[in-house]
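Colleague: Here it is, the structure, as structure tokens.
The values are calculated or read from the model by the stated rules, or taken from the named source; none is laboratory data. Predicted, not measured: the structure shown is a model, and the values here were computed from it. As a convention, Cβ positions derive from the backbone with ideal geometry for all residues, glycine included, and neighbour counts pool all protein chains shown. When the accessible area is computed, the model is the full protein with side chains, heavy atoms only, and any ligands, DNA or RNA have been set aside. Shrake-Rupley method; radii C 1.70, N 1.55, O 1.52, S 1.80 Å.
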Amino acid sequence: MLAYTLARPFIYLFFGLCICLTATNKLYNLIAVNDWAKIIIAIAIVAMLIASHVFKYNSLKLVLLGLVLFSTKQYLHLIQIHVADNSFDIIKLPNKTIEIETDHIINNFHNCIANLIINKKSVRCKLSLNDSSLNKPFLFGTKLICTLSIKRIESSGSRYFNTYSDYLLNNHIYYEGYIQNVNCIQFPKQFSLLNSAQTISNSIKYLIQKTCKNQEHANLLLSLLIGEKTELSKEIKQAFISTGTAHILAVSGLHLGLVYYVLSLACKPVRKLKLKNSKLLESALILFGIWTFAFITGLGTSIVRAAVMFSLIQFAACINRKTDAVNTLFACGFFMVAWNPCILSDIGFQLSFAAVLSIIWFNPFFKRIWIPNYKISFLLRDLISVSCAVQILITPLSLYYFQQFPLYFIFSNLIWIPLSSILMATGFLQGILFLFSYECALLIGTITETLMDYGMNALLHIQHAPHAVLSDLWINKMQLGLMLCSFAVLRFYFHNQQIDLLIKSLLLAVTSVITLYYIEFKNINSCDLILFKQKNTLQLEFRHGHHSYSSAPSSFLLTKYRSATKINRIDSTTTTEIIRLINQIQSKAQISLNHITKNCYLLSYNNDTLLLSTKQILKSEQACIAFYQECIHASINLQSNIPKIINIEK
């Protein structure tokens, strides 16, 4: 194992960068509450720099210098990019200038990401606009002078609740709201790559929609070609998720691999040219095609990962160097995380990275299980082996984030992996033929739609088959880490055939299973009080083991939480009765709840007093709150419909 990693230096660089980022995030939070921490950290950085100068070992100098640089990069990123404003009140901004990044239209309803100056700092916002007169999407760089209302996006703080807000925050989108009216539109005058890419993307949408008779088919084809899933129905999305083929809809290595293959074939004549730099010209054309496709699809996390990886492979081919797939993958991850540290916590990046690593590690071993006698069987063997290999490292992440596992993923992938390649080819042909012959484009479009019908019917049959999806499979971070480590050690066992590695892998797997019993024991012997809002009214739910008492038992906000804690009984009661039950079951809790204003409550718990607000605090309420200000220890905002959990020790 040591020799394997020593030969691949980017593995060390990637994990070293990840450790630096994690440590810097912890220290940044410490600095925010402790002034002495700044002095201690400054002394530590100076000590590391001095040590790097004093030590004679150049490798150690480089390591220490790298730690300082990575940590400084992350600290600057947190200061410059992240927004520290904790006010969640609605802000109305008249005659404000915003600059559009992306925009999608559904029934004349604009959903756009824009940059806005707030407190002399540029921040990203998610804005909506309902204006039937503006029926075309705004391109990158378009400036709007408008009146808008926004509010700060609040983190869910838990994967039990709606995590879309966490997704937005991770993408540096800190405010959301709506545009009331547009006073002036300033179209971009200077050339921009993103602007040109969005223009091409919009043209592709127009061509596909014109050559497909069924709008749902057009939306599905657009998601396969350029990753445009905005108008794709929830039923189709769920069908792909439930059958383990969601990666088909996410433009990633599968799609870019096909583009890379086509570009390589198209550039074959360049190799035959007797030019001094023919190989360099070929590589430049292929890289241009790859990154053009990446820009057109919107530069999503998975497509950027694939584009960077193919770029490194092509660069190595250009200089006649052999490539190591694992080292190239970790190099790709290192550069992406170094550029944008927040990408490390992006689910798309984690799934894409794990999928490729799983294929590299396990696909060769699955191929050895069945050696076909006929050439046509090799394609079937390869599809099955790739489908099985990719699931090994993807499964722990899928269980952690989505709590489900598709049992029939092999059958759905056998259908849709080759079908998606055919649909991409026919979709591309539709667009080309539309420029020359509308009738021919319609004919190809009809063939494409027929293939999609057969594919979707097969997918729906698999989705509705008995036990197609194992759901409500909850694991925690410790179990996730143990499962990934177990599979990693198992890979080295397959490579070296050392029995001690197999034993270690099994021990890690058994430990992850044993922790399930610990979690169950912890759930039985714990109590939680959940605070949430429904119809602008404070609601409470008290979990006592697997039994809950709720003032809103039909609330969908707590569906995941109830599933994770395995609630088997929910009793409907009032908030007053819940407080009485808590004090009865846990006499040391000493909980009380007082309704002090229309939208504010005071919750007292173990000599701490919390201010709860279900709506924006009005000026008329501030005088009443000021009266209790001395005894209030903290405030909890419930305006964003994100529940809060208070653990009550039994």
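Colleague: Just give me the residues in the stretch 119-149 being β-branched (Val, Ile, Thr) and touching a Leu at 6+ places or on another chain (Cβ under 9 Å), in sequence order.
Modeller: Matches in the stretch 119-149: 123, 147.
Colleague: Can you find a residue that is assigned to a helix (DSSP H, G or I) and in contact (Cβ under 8 Å) with a residue 12 or more places away in the chain anywhere in the stretch 551-558?
Modeller: Going residue by residue through the stretch 551-558, those that are assigned to a helix (DSSP H, G or I) are 556-558.
Checking which are in contact (Cβ under 8 Å) with a residue 12 or more places away in the chain leaves us with 557-558.
Yes: one or more hits.
Colleague: Related question: Considering only residues of the stretch 552-564 that are of a type in the set (S, T, N, Q) and closer than 15 Å to residue 644 by Cα, which is surrounded by the fewest Cβ atoms within 10 Å (Cβ to Cβ)?
Modeller: The extreme case among them is 559.
Colleague: In the stretch 452-506, how many residues are over 30 Å from residue 214 (Cβ atoms), part of a helix (DSSP H, G or I) and among the polar types (S, T, N, Q)?
Modeller: 4
Colleague: When you go through 52, 122 one by one, which is the residue that is part of a helix (DSSP H, G or I) and either among the polar types (S, T, N, Q) or modelled with pLDDT of 80 or more (or both)?
Modeller: Numbers: 122 fails: part of a helix (DSSP H, G or I).
Within the list 52, 122, the selection yields 52.
Colleague: Against the condition at pLDDT 85 or above and touching a Pro at 6+ places or on another chain (Cβ under 7 Å), how does residue 570 come out, does it pass?
Modeller: Details: at pLDDT 85 or above: yes; touching a Pro at 6+ places or on another chain (Cβ under 7 Å): yes.
Criteria met by residue 570.
Colleague: Could you check how many residues of the stretch 288-313 are at pLDDT 85 or above, over 25 Å from residue 15 (Cβ atoms) and either assigned to a loop (DSSP other than H, G, I, E, B) or not aliphatic (A, V, I, L, M) (or both)?
Modeller: Total meeting the criteria: 6.
Colleague: Please work out which residue is nearest to the chain's Cα centre (by Cα), limiting yourself to the stretch 367-378 and to residues that are without any contact (Cβ under 8 Å) to a residue 12 or more places away in the chain and part of a helix (DSSP H, G or I).
Modeller: Per the stated criteria, the residue is 378.
Colleague: Is it true that residue 158 is among the hydroxyl-bearing types (Ser, Thr, Tyr), open to solvent by 20 Å² or more (accessible area, probe 1.4 Å), modelled with pLDDT under 85 and within 30 Å of residue 557 (Cβ to Cβ)?
Modeller: Values: among the hydroxyl-bearing types (Ser, Thr, Tyr): yes; open to solvent by 20 Å² or more (accessible area, probe 1.4 Å): yes; modelled with pLDDT under 85: yes; within 30 Å of residue 557 (Cβ to Cβ): yes.
Here the answer is yes, as residue 158 does meet what is asked.
Colleague: Hey, any hits in the stretch 343-352 for a residue that's under 22 Å from residue 223 (Cα atoms), in contact (Cβ under 8 Å) with a residue 60 or more places away in the chain and open to solvent by less than 20 Å² (accessible area, probe 1.4 Å)?
Modeller: yes
Colleague: Tell me the residue from 205, 229 that is within 20 Å of the chain's Cα centre (by Cα), within 27 Å of residue 448 (Cα to Cα) and either open to solvent by 10 Å² or more (accessible area, probe 1.4 Å) or acidic (Asp, Glu) (or both), please. Let's see the steps before the verdict.
Modeller: Working: 205 fails: within 20 Å of the chain's Cα centre (by Cα).
Residue meeting the stated conditions: 229.
Colleague: So residue 166 fits all but one of (1) touching a residue at least 24 places away in the same chain (Cβ under 8 Å); (2) of a type outside the set (A, V, I, L, M); (3) not in a loop (DSSP other than H, G, I, E, B); what number is the exception?
Modeller: (1)
Colleague: It is to be established whether one or more residues within the stretch 530-551 are hydroxyl-bearing (Ser, Thr, Tyr), surrounded by fewer than 18 Cβ atoms within 10 Å (Cβ to Cβ) and closer than 18 Å to residue 637 by Cα.
Modeller: yes
Colleague: Return yes when residue 636 is closer than 30 Å to residue 520 by Cα and surrounded by 18 or more Cβ atoms within 10 Å (Cβ to Cβ) and no when it is not.
Modeller: Working: closer than 30 Å to residue 520 by Cα: yes; surrounded by 18 or more Cβ atoms within 10 Å (Cβ to Cβ): no.
So residue 636 does not fit the description; no.
Colleague: While we're looking at this one, here's another question. Name the single residue that is nearest to residue 418 (Cα to Cα) among those in the stretch 232-273 being open to solvent by 20 Å² or more (accessible area, probe 1.4 Å) and among the aromatic types (Phe, Trp, Tyr).
Modeller: Only one residue fits best here, namely 261.
Colleague: If you don't mind, there's one more thing I want to ask. Of the numbered conditions (1) crowded, with 19+ Cβ neighbours inside 10 Å; (2) within 26 Å of the chain's Cα centre (by Cα), residue 99 fails exactly one; give the number of that condition.
Modeller: Among (1) crowded, with 19+ Cβ neighbours inside 10 Å; (2) within 26 Å of the chain's Cα centre (by Cα), the lone unmet condition for residue 99 is (1).
Colleague: Examine the stretch 574-587 for a residue that is farther than 30 Å from residue 360 by Cα, over 33 Å from the mean Cα position of the chain (by Cα), touching a residue at least 40 places away in the same chain (Cβ under 8 Å) and open to solvent by 60 Å² or more (accessible area, probe 1.4 Å), and state whether such a residue exists.
Modeller: Yes: the stretch 574-587 contains one or more residues that are farther than 30 Å from residue 360 by Cα, over 33 Å from the mean Cα position of the chain (by Cα), touching a residue at least 40 places away in the same chain (Cβ under 8 Å) and open to solvent by 60 Å² or more (accessible area, probe 1.4 Å).
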